[in-house]
Every structure is written in structure tokens, then in C-alpha cells.
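Any read-out appearing in this document is the output of simple, stated calculations on the displayed coordinates, not a laboratory observation. Fair warning: this is a prediction, and the values are worked out from it, not measured in the lab. Here the Cβ positions follow ideal geometry from the backbone for every residue, glycine too, while neighbour counts run over all protein chains shown.
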Amino acid sequence: RTVYVNGDYLPEEDAKISIFDRSFLMADGVYEVTSVLGGKLIDFDGHAKRLERSLNELEMQKPEAFDDLLEIHRELVRANDIVDGMIYLQVSRGSAGDRDFAYPDASVKPTLVLFTQSKPGMADSPMAKTGMKVISIEDARWGRRDIKTVQLLYPSMGKMMAKAAGCDDAWLVEDGFVTEGTSNNAYIVKGDTIITRQLSNDILHGITRAAVLRFAREAQMKVEERSFTIDEAQDADEAYITSASTFVMPVVELDGKAIGTGKPGTVAARLREIYLEESR
Ligand code: PDD
């Protein structure tokens, strides 16, 4: 695989960053995941804008190559013959050659790394037909979930808890309300209304979420952006998640209780179809 590190395209085995890199020592880094379908980047502009926002919120310098990111994404798709898959991008505050809690001064340049993951046929995931099972767990993450940092240990733990329970993912709950999934935004459908949590610092402002809500409104579907509980979700007609890597994925079971018919719902199926159609 050809990867990108700080201006260079290299075979992955030759790519190196410092052991003092702050993303390694302090989780002082942000990331983006952009999907590729049929060789085409999905929602690149949205991901670039959110990256810029994450950098601003953390007072992290923009990498010098920021304005070339589209070109770098395209070059990696080409070099690695990616038809369907993902591009992972990470920016860290770089390495001051030591460990220090304080941010280094501006002479320390950020680290920029990108690599590809090939997932042939990712839009035809069998899970879209069967739906996913989720458990609910406490949301024990920090308070700035709107910033896409690489602090992913708790989401990893959540996935492992889900796996141990024979499920596919976990929905995170804070003060009695669902925030989001471990790596996706969460939705329920009641009657003809789509319900998903309002944007705030409590959740990541999903790029797929923005697109899917726009398509839903364009298709005259009703959307309510508000918090919901696990009880309300278990009593809903359907549920689903969205993310760059899963698009729109139905959820059919929550904490062992079937949602609606226990089969993927029609709203989720329709939104998935529209999203994939519009993205290709
Ligand atoms: N995760 N919420 C969280 C906590 C996420 O990590 C993600 C994305 C989303 C969905 O955002 P988007 O639609 O922009 O992908 C919501 C990525 C895919 C990941 O960590 O792999």
C-alpha cells in the first residue's frame, strides 16, 4: 500500500513518525474518514470543513498541505487502485522531541498522515439487509465530542462490550438520553417522523448525518432534531445509524428488544438508497 506522510508518498513499511508525536503520547490529534465508492470520493468537502473546524477548536496549526488534501486523496485512490473503500486522514500537533503537557510552539509543524483501506463492495454490506443489534452503555467520553479527536479508547471498549453481548455496536447514553453510537449518529423513526439528537458539543456533527437529513427533508419526510431515551427507541417503529463507513444502516434490536417488526425498516432502506444514489 502507498501511504502519505508529511509530503511524501511511500510504501507503508517505509512510513515513519516520531515516538514523541503528540498523537501517540497525548491523543493530541484529529482525524477524518472519507468513503470511496466506484473510485469517487464521498462528501470530501464536508470532511475537509469539519477537519478545519477540529483544528481551529484545538488551536492546532493547519498542515501546510491543507489546500492539497483533495489532490492527495485522489492520488492515494489512484496509487492503491481503490474502487470502494476508505481514506483515513490524521493530523497531530506534531513532535517537539520530548514529552510535555503544554503545546509546543508554532515552530513545531503538525504531522499529516493518510492511508487507504480497500473494501470492495462495501455499499452492498449484508448487514443492510439483516440490520444490526445494539446495546446501550453509559457515555463515558469527554465533553467535546464535536471535535473528531483520536481519543477512541472508550468507543473501542464500547464495541468490545457489544461484541461480548453478541451485538454489533453500542449506543451511548448520558443523563438518560442517547447521544450517538460508538462511531456513528443514532436515529429512530416513529410514525412518519425521523428523530435524531440535536447538534451540540455532546455529539460528532456527522457529515453523513447532514447529507441524510437534507435528503430526508427534500423527500418531504418529517425530521425532529431532539434527544430521545432508550425506552422511546425500543418503542419506535424503526432505528438506524449513519456514518461515512456504514452510510445508512438499520438497527433492529436494542438491549435485546426488537425494534418495530425486528426487520430493517422502510425509512432506513429508502434513505440508504437515496444516499447511495446521490453519492455515486
Ligand atoms: N466515525 N459519531 C461518531 C462518534 C463518529 O466517530 C462518527 C464517524 C460519526 C459519523 O460521522 P460521519 O458521518 O461524518 O462519518 C458520528 C468514523 C467513520 C470512524 O471513526 O471510523
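A few notes on this one:
- Across the stretch 188-224, the residues whose backbone nitrogen lies under 17 Å from the label position 7 Å along the beta-carbon direction of R270 are 188-196, 212-224.
- Anisotropy class of the stretch 74-180 from Cα gyration tensor, a/c 1.5 cut: oblate
- Applying 1/(1 + (r/R0)^6) with r as the Cβ-Cβ distance of D105 and A140 and R0 = 25 angstrom yields a FRET efficiency of 0.15.
- Under 5 Å, built H, 5+ apart or other chain: amide partners of V3: L10, E12
- Taking every DSSP helix (H) stretch of at least 4 residues in the chain, weighting each as -39,500 (n - 2.57) and dividing the sum by the residue count yields a mean residue ellipticity at 222 nm of -8000 deg cm²/dmol.
- Three-way shape call for the chain based on the alpha-carbon gyration tensor, with the a/c threshold at 1.5: prolate
- Here the contact order of the stretch 215-256, divided by its residue count and restricted to Cα pairs under 8 Å and six or more residues apart, works out to 25 percent.
- Straight-line cross-link partners of K133 among the lysines, defined as a Cα under 17 Å from its Cα and at least 8 positions apart when in the same chain: K159, K163, K257, K263.
- Length released on extending from S200 to F177, taking residue separation times 0.36 nm less the Cα-Cα span: 6.9 nm
- Per-residue Karplus couplings for the stretch 140-152, computed as 6.51 cos²θ - 1.76 cosθ + 1.60 with θ equal to phi - 60°, are listed in order as 9, 7, 6, x, 10, 6, 6, 9, 8, 7, 7, 6, 10 Hz, Gly and Pro entered as x.
- For E52, E218, order by how many other beta-carbon atoms lie within 10 Å, fewest first: E218, E52
- Nearest-ten-degree value, helix 44-57 long axis tilted from longest Cα axis of the chain: 70
- Computed lengthening from R280 to V83, 0.36 nm per intervening residue step minus Cα-Cα distance: 69.8 nm
- Ranked for footprinting exposure by Cβ neighbours inside 10 Å, fewest first, M86, M157 give M157, M86.
- Taking amide H as placed 1.01 Å from N in the peptide plane, A170 has its amide H under 5 Å from the amide H of I135, T182, each at least 5 places away in sequence or on another chain.
- For the chain, built as a Gaussian network whose Cα springs stay under 10 Å, the top-fluctuating residue of I241, I87, I19: I19
- The stretch 2-121: relative contact order in percent, alpha carbon pairs under 8 Å with at least 6 residues between: 36
- Percent RCO, i.e. relative contact order, over the chain, from Cα pairs under 8 Å lying at least 6 residues apart: 18
- Working from label points 7 Å from Cα in the Cα-to-Cβ sense, the D98 to E224 distance is 5.6 nm.
- Using alpha-carbon coordinates, inclination of helix 207-218 to the longest axis of the chain, degrees: 40
- Dipole in debye (nearest 20) - the chain, about Cα centre, beta carbon charges: Lys, Arg +1; Asp, Glu -1: 380
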